[in-house]
Every structure is written in C-alpha cells, then in structure tokens.
Amino acid sequence: MKILLLCWRDSTHPQGGGSERYLERVGEYLADRGHEVVYRTAGHTDAPRRSTRKGVRFSRSGGKYTVYPKAWVGIALGRMGIGTLGNIDVVVDTQNGIPFYARLVSGAPTVLLTHHCHREQWPVAGPAIAQLGWFLESQIAPRVYRGAPYVTVSSSSKEDLVDLGIRASDIQIIENGLDPVPAHLPRLDDDAAMHLVTLSRLVPHKQLEHAMDVLLELSPSRNLVLDIIGSGWWEDQLREYATELGITDQVIFHGQVTEDYKHSLLARATIHLMPSQKEGWGLAVMEAAQHGVPTIGYLTAGGLRDSIRNGETGLLAEDATELVSLTQRLLDDSSLRSQMATAAKQWSSEFSWATTGARFEKLLNDVAATTEQSTVPPGSTTNQ
C-alpha cells in the first residue's frame, strides 16, 4: 500500500515531541514491511523540503498554520497525478489539536490519530485562536470524521473522545511502543546528590514550574538537584522562575541531548516528575521506567492514569500540594522506591514499537480492504 501520514511536525522540528515520534516509528515499521510511506509535515529551517529516513519519505511544506492548506493542495495535485501525494491507498490524519480534515479531500480511506484532547492547552494560544481551535476540535472534527476509524493511545484519551460524541466502537487503542535503551551509556560523575528529573518539551502546559516548587520545598533537608531534559519556547520563563525561587544552582537545563546521554540522566535519577496538565500517554514515563525510575504526575492529566500504575510503578497526585508530599514520601522510603523500580522495569518491558506497528498495519489493511470491498459492484469478484 501507499500510505500518507499527516502531522503538523516531525521529530526533527524544534517543537517535535512524543506524538511525532509515535507516528514516525509506525511509519518506519510500515516501510520496513514493504509499504510506501510518505510523511507530510511542516517545513522548518533545520530540515530539507524532501528527505528519506529509515524508509519513510518526508515531504515538508508550510508553517504552523499554513501546513494544513498546503497539504490540501498537495493531496489535490496528487489526485491529478502531480507530485508525491498521488495514488494514496490510505491516510493517517493526526489531530494535534485540529486534524488536517484529509477525509474531505483525499478520496482515500482515512484513519484519525489523536493522542489526547486539547481543551486544557488551547488557552495558551490566546483567546481568539483558543476559541476557534476548540470549536474545530470538539465540534467540526467529530462531524467530519463521524463513522471513520479513530486511533488513540490510552483508555483515558478514548473516554475524552467518547465525551465529544465519537462512538466507542470506532476507537481503537494502540499504545506507544518504546525504543530500547542504547547499549552504551556515558558515565556521569557522582555528585552525591539525589536527582529529580523531568523529560519534556518546555512549554506552558507541561507545568515544569511545579517540579521547581517541589525542589524548593524539599531541598532544605536534602541535597537535591533537578535535571530538566528538553527544549522549547518556554525556557526563558522557566529560567526566570528558577531565579525568582533562588534555586538556579540546583536546576540544570540540559536542553536537547543525544539519546545515550538522555538515558544516562534518566538512569541516575531517583524520581521522574511529570507535572503536565494533559498527556495522551506519557512516553517519558516509560523511558524512565526502563531504568527503574518511578514517575509522579497528576491524576487529572489523562493518559498518566494509564502509563503510571498508581502505587505500583509510580504515584498520581491530586494537586500541587500532594505532588510535593508524594515526592517527599518516595524520597524517604527506599523500600518503596525499590519495589516501584522493579515493577516499573517489568511494566516497560511489555511495550515495543514492533507491537505498535503491527497493530497499526493490521488496522490499515482492514480499512483498505473494507473500502475496496465496498466499491466492488454487486455480482463482481475481487482477486485475493
């Protein structure tokens, strides 16, 4: 099959994150299985207009908002035999807030992939865009994609979609996979401190200020350091907040790091904090779990209720006050940390991109076959 993947960013984008990695890993699996895979996304200064990586062809055009109409034009030209988006058998349209509405223009069966609903995140875009964005996500998209197959990554996200009027029978949960830990990790100096860590894009709804608040509350009686792994446009505000709290010598901004260094930082950590406002799943939770590092996050964050087994592989807090108290509890209780370390490692071993990719491939094959069968005139036969 020729498969078109639509996403507003890819993992090379400065603001790319876990949802982009999910789609790319699925694309890589599909390409390895012999399918032709095109990943259409926005352009940015660090990437060429066209490239190929691990069998996936990347086509980049447009920016934060223009990526959508430019994709429509590319799809329309493809239907006329022009460009790289022609002869598409099936489309995966990613809804990062709003989808591409490819079902209206592609002429091919379309699967809608959504990691989570964005009700809580829209306000950061400003009042006007937030209102429009939530209207498109909550009112228009469910109508355009009524009856179409949906994919999401957790039971919590499925519940949110059902609340928007999507039929539960149309939604399939295909969880995130997990990359293996690199064979060789850099050795980090032992500074005798206990390390808290966050692995996240630096944007407002990740609420990394809450992790700094935890550090401030608990550091007087402990030698604590907070490692912040990741980059994003909110970094200057986070640095200013650390200065206001007087903890700049205890907060280390590592920025974007290599995979092996990222895993070294995770392996050194005592606790992974994920105070995000909303997550579809929480890929960083599982990456920390690979090293036996439990995660503490918010019960209200959606997908963290699925990626964290509360009380077993990590802890879920009701609010910022409890985030502090649960962190204190886990720092103080080495026996509990040890139990959670073992459980977290076991939990992480149950996930792989091969499993994720295989389940996605089956869905796409079924969707394409069903569509093909429905177009066969009565009395005709198809070649099997």
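The values are calculated or read from the model by the stated rules, or taken from the named source; none is laboratory data. Please read these numbers as outputs of a predicted model, since none were measured by experiment. Virtual Cβ from ideal backbone geometry, glycine too; neighbours counted across all protein chains shown.
List of remarks:
- Enumeration of residues in region 186-234 that are touching a strand residue (DSSP E or B) at 6+ places or on another chain (Cβ under 6 Å), closer than 20 Å to E20 by Cα and β-branched (V, I, T): T198, I229
- Yes/no for V324 being outside the structural domain of N96 (by TED's automatic domain parsing) and in a helix (DSSP H, G or I): yes
- Yes/no for E235 being touching a helix residue (DSSP H, G or I) at 6+ places or on another chain (Cβ under 8 Å) and among the acidic types (D, E): no
- Region 58-77, residues that are within 17 Å of P14 (Cβ to Cβ) and aliphatic (A, V, I, L, M): V67
- Those residues of region 50-74 which are touching an Asp or Glu at 6+ places or on another chain (Cβ under 9 Å) and not aliphatic (A, V, I, L, M), in sequence order: R53, K54, G55, R57, F58, R60
- Residue pairs meeting the criteria (Cβ under 7 Å; at least 6 apart or on separate chains; first in the same structural domain as G280 (by TED's automatic domain parsing) and within 18 Å of P99 (Cβ to Cβ), in region 119-136; second surrounded by fewer than 16 Cβ atoms within 10 Å (Cβ to Cβ) and among the β-branched types (V, I, T)): none
- Subset of region 34-66 [modelled with pLDDT of 90 or more and among the aliphatic types (A, V, I, L, M)]: V37, V38, A42, V56
- For K158, the conditions (1) basic (K, R); (2) part of a loop (DSSP other than H, G, I, E, B); (3) crowded, with 19+ Cβ neighbours inside 10 Å are fulfilled apart from (2).
- When residues of region 81-103 are limited to those that are touching a Gly at 6+ places or on another chain (Cβ under 8 Å) and free of Cβ contacts under 8 Å to residues at least 12 places away in the same chain, the one farthest from V144 (Cα to Cα): G83
- Candidates in region 97-143 are the residues that are touching a Pro at 6+ places or on another chain (Cβ under 8 Å) and assigned to a helix (DSSP H, G or I); of these, the one that is surrounded by the most Cβ atoms within 10 Å (Cβ to Cβ) is A141.
- Count - residues of region 139-159 that are among the hydrophobic types (A, V, I, L, M, F, W, C) and more than 13 Å from G97 (Cα to Cα): 4
- Scan region 277-318 for residues that are assigned to a helix (DSSP H, G or I), closer than 16 Å to E120 by Cα and either touching a helix residue (DSSP H, G or I) at 6+ places or on another chain (Cβ under 8 Å) or touching a residue at least 40 places away in the same chain (Cβ under 8 Å) (or both) and the total you get is 2.
- The condition (being of a type in the set (V, I, T) and under 24 Å from the mean Cα position of the chain (by Cα)) is satisfied by just one residue among I82, I140, I88: I140.
- Summed over region 6-22, residues that are crowded, with 24+ Cβ neighbours inside 10 Å and not in a loop (DSSP other than H, G, I, E, B) total 3.
- Annotation note: of V67, V56, V92, the sole residue that is over 21 Å from L364 (Cα atoms) and aliphatic (A, V, I, L, M) is V67.
- Selected residue (criterion: nearest to H184 (Cα to Cα)) from residues of region 250-276 that are free of Cβ contacts under 8 Å to residues at least 40 places away in the same chain and of a type in the set (S, T, N, Q): T258
- Residue-level check: of (1) touching a Leu at 6+ places or on another chain (Cβ under 8 Å); (2) assigned to a loop (DSSP other than H, G, I, E, B), D179 misses just (1).
- The residue list G302, G357 contains one member that is among the small types (G, A, S), modelled with pLDDT of 95 or more, under 19 Å from Y22 (Cβ atoms) and surrounded by 15 or more Cβ atoms within 10 Å (Cβ to Cβ), which is G357.
- Residues in region 1-53 that are under 20 Å from the mean Cα position of the chain (by Cα) and charged (D, E, K, R): R9, D10, E20, R21, E24, R25, E28, R40, R53.
- Answer residue from region 38-78, given it is in contact with a Lys or Arg (Cβ under 7 Å, 6 or more places away or on another chain) and β-branched (V, I, T) and is nearest to M1 (Cα to Cα) among those: V38
- A368 more than 23 Å from the chain's Cα centre (by Cα), surrounded by 15 or more Cβ atoms within 10 Å (Cβ to Cβ) and within 21 Å of P180 (Cα to Cα): no
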